[in-house]
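Read the structure below first, then the notes.
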Amino acid sequence: MTYPSHFSLEQVVRPNILALQPYRCARDDYQSGILLDANENSLGHSIPESSGLLLKGLSLNRYPDPSYDQIKGMFASLRGLPDATFVFLGVGSDEVIDLLFRISCVPAKDKALVTPPTYGMYAVCAQVNDVAVLKVPLDVEGGSFQLRLDEIKRVISQEQNIKLVFICSPGNPTGTTIPLKDIQALLEYPDFKGLIVVDEAYIDFTGEEGSAVSLIERYANICVTQTLSKSFGLAAIRLGVAMAQPSLIRILSNTKAPYNISSLTAQAALSALSSGGINLMKSNVASIKRMQASLIDSLKALRPLGLGETRGGNHANFVLVPVLKRGSTSNNEYDNARAIRVYKKLAEDMGVVVRYRGGELGCEGCLRITIGTEEENRVLLNKLEQALSQE
Ligand SMILES: Cc1ncc(COP(=O)(O)O)c(C=O)c1O
């Protein structure tokens with residue numbers, strides 16, 4: 001029996017996707033022998049040995065595994081899920097987000113709900129897929145950045161055809177985790193017939209107990225996305241993950257392009273998900289969290305120059321910090337124009353690129369600063385002090 005009873009995957013997934021005959025290749029059935037089925041180049045790849053690239057053991061002239069069950073199994077085990085059937089692999093979580101739109105939202109008819117300030121790709125993917133976006137801003141009071149559950153429920157009950165609700169936890173740019181009980185309240189809300197997508201790109205920086213993956217075995221209406229781009233430090237390989245009950249995972253797999261994950265990406269991912277790789281990830285996360293705490297502490301010394309207290313929960317690998325009016329020490333007296341000047345000075349004259357987020361609700365005056373290496377953080381502090389003194 002599917003739980004919750006008000007949810008039916010058949011009502012969420014577009015009829016054309018439900019009826020889809022997925023692309024099948026001979027390699028789905030036969031993986032070894034003389035392989036003359038896929039019009040590959042039998043003579044091999046054309047990367048000269050002198051390139052120094054480490055390609056040992058990779059048959060780059062062959063199409064990659066269409067499903068990579070081994071990687072899925074390793075990820076399932078890392079996150080405490082029963083097996084590979086609960087995991088989908090995408091080209092970054094960005095591909096997963098786009099696919100979720102494509103499987104569920106009928107263009108020009110269905111809608112998605114987002115909770116600003118939030119990750120910008122939800123709205124971009126919505127627009128690409130001609131899907132209207134409803135916005136229910138987070139409660140930004142005092143930088144709490146929490147869901148306004150009653151308002152979300154009100155909009156859900158009032159609007160027809162909301163297929164996707166995106167919750168980013170920890171949020172970007174808020175750096176704030178959303179409690180599981182709030183996510184559960186939406187999963188249980190009978191008026192909502194769609195999918196709750198929880199984007200956990202930064203989850204390893206906040207501790208696993210906060211992860212919505214623990215809700216997947218109970219709820220058929222949740223999909224959790226994660227990525228190797230952040231805690232694993234593998235943004236370049238483009239590997240994102242969706243985790244959900246197998247019926248939804250099957251639909252994502254049927255819809256994706258046949259060989260979306262390259263052999264090079266897979267090789268790196270297998271290594272990163274080995275026990276050695278996971279230990280390295282955990283130790284890097286611990287170092288980043290230590291440096292984040294130290295950066296937050298050091299930023300306090302810039303208060304007299306008109307820099308405010310960091311905003312949000314600092315649960316990810318960045319800080320969000322407001323630039324205030326010159327001479328002000330009140331966090332409410334932010335100064336967007338000054339923040340932009342500081343941001344530009346840092347980038348154009350001082351070689352330090354941070355992100356201006358002052359245009360986002362609840363982030364007025366704010367710069368979002370990723371935690372760098374020890375040396376990069378030292379330079380950042382030094383240059384920020386100079387920029388604030390000058391602007
Ligand atoms: C909240 C959030 N989700 C997803 C992504 C994209 O991740 P990926 O590199 O897996 O596409 C990012 C990247 O910054 C992000 O901040």
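Remark on the chain: CYS25, CYS105, CYS125, CYS168, CYS223 stand apart, with no other cysteine beta carbon under 4.7 Å.
Angle between the Cα long axis of helix 246-255 and the longest principal axis of the chain, 0 to 90 degrees, nearest 10? The answer is roughly 80 degrees.
Computed over all pairs of different Cα atoms, the Kirkwood value for the hydrodynamic radius of region 208-349 is 18.8 Å. Accessible area per residue for the chain, computed on protein heavy atoms with a 1.4 Å probe, is 46 Å². Within the listed set ILE34, ILE371, ILE216, the Gaussian network model of the chain (springs between alpha-carbon atoms below 10 Å) gives the highest mean-square fluctuation for ILE34.
Expressed as a fraction of 2.2 N^0.38 Å, the value expected for a compact globular protein of N residues, the C-alpha radius of gyration of region 121-263 is 1.07.
For the chain, the dipole from Cβ point charges (+1 on Lys and Arg, -1 on Asp and Glu) about the Cα centre works out to 420 debye, to the nearest 20. Across region 1-100, the convex hull enclosing all Cα atoms gives 192 Å³ per residue. Taking amide H as placed 1.01 Å from N in the peptide plane, ARG148 has its amide H under 5 Å from the amide H of ASP139, each at least 5 places away in sequence or on another chain.
Our coupling estimate for region 357-362, obtained by passing each phi through the Karplus curve with A = 6.51, B = -1.76, C = 1.60 and θ = phi - 60°, is 10, x, x, 8, 3, x Hz, Gly and Pro reported as x. The charge dipole of region 275-376, taken about its Cα centre with unit charges on the Cβ atoms of Lys, Arg (+1), Asp and Glu (-1) only, comes to about 140 debye.
Rounded to the nearest whole Hz, the Karplus-based 3J(HN,Hα) values (6.51 cos²θ - 1.76 cosθ + 1.60, θ = phi - 60°) of region 26-39 follow the sequence 4, 5, 4, 9, 10, 10, 9, x, 7, 8, 10, 9, 10, 6, with x at glycine and proline.
When the P(r) is computed for the chain, the part past 37 Å accounts for 29% of the Cα-Cα pairs.
Both radii come from the Cα set of region 112-189: Rg as radius of gyration, Rh as Kirkwood radius; their ratio Rg/Rh reads 0.95. Database remark: amide H of ALA201 closer than 5 angstrom to the amide H of SER169 (H placed geometrically; neighbours at sequence offset of 5 or more, or on other chains; Pro and chain starts carry no H). Across the options PHE86, PRO117, ASN254, the greatest Cα extent toward the positive end of the charge dipole of the chain (unit charges at beta carbon of Lys, Arg, Asp, Glu) belongs to PRO117.
Bridges between two residues of the chain, per DSSP, are antiparallel at a rate of about 55%. What percent do you get for the relative contact order of the chain when only Cα pairs under 8 Å and 6+ apart count? For the chain, the relative contact order is 17 percent. Taking θ as phi - 60° and the Karplus parameters 6.51, -1.76 and 1.60, the scalar couplings of region 309-326 work out to 6, 4, 10, x, x, 6, 8, 10, 9, 8, 10, 10, 9, x, 8, 9, 4, 3 Hz in sequence order, x denoting glycine and proline.
Cα centroid distance between region 332-391 and region 251-327, in Å? Answer, in whole Å: 18. If you take all other residues with their beta carbon under 15 Å from the beta carbon of ARG311, and give Lys and Arg +1 and Asp and Glu -1, the sum is -2. Based on every Cα atom in region 278-390, Rg and the maximum pairwise Cα distance Dmax equal 13.7, 46 Å.
The values are calculated or read from the model by the stated rules, or taken from the named source; none is laboratory data. The structure displayed is predicted, hence computed values, not measured ones. Virtual Cβ from ideal backbone geometry, glycine too; neighbours counted across all protein chains shown. Heads up: the accessible areas ignore ligands, DNA and RNA and are worked out on the full protein's heavy atoms, side chains in. Shrake-Rupley method; radii C 1.70, N 1.55, O 1.52, S 1.80 Å.
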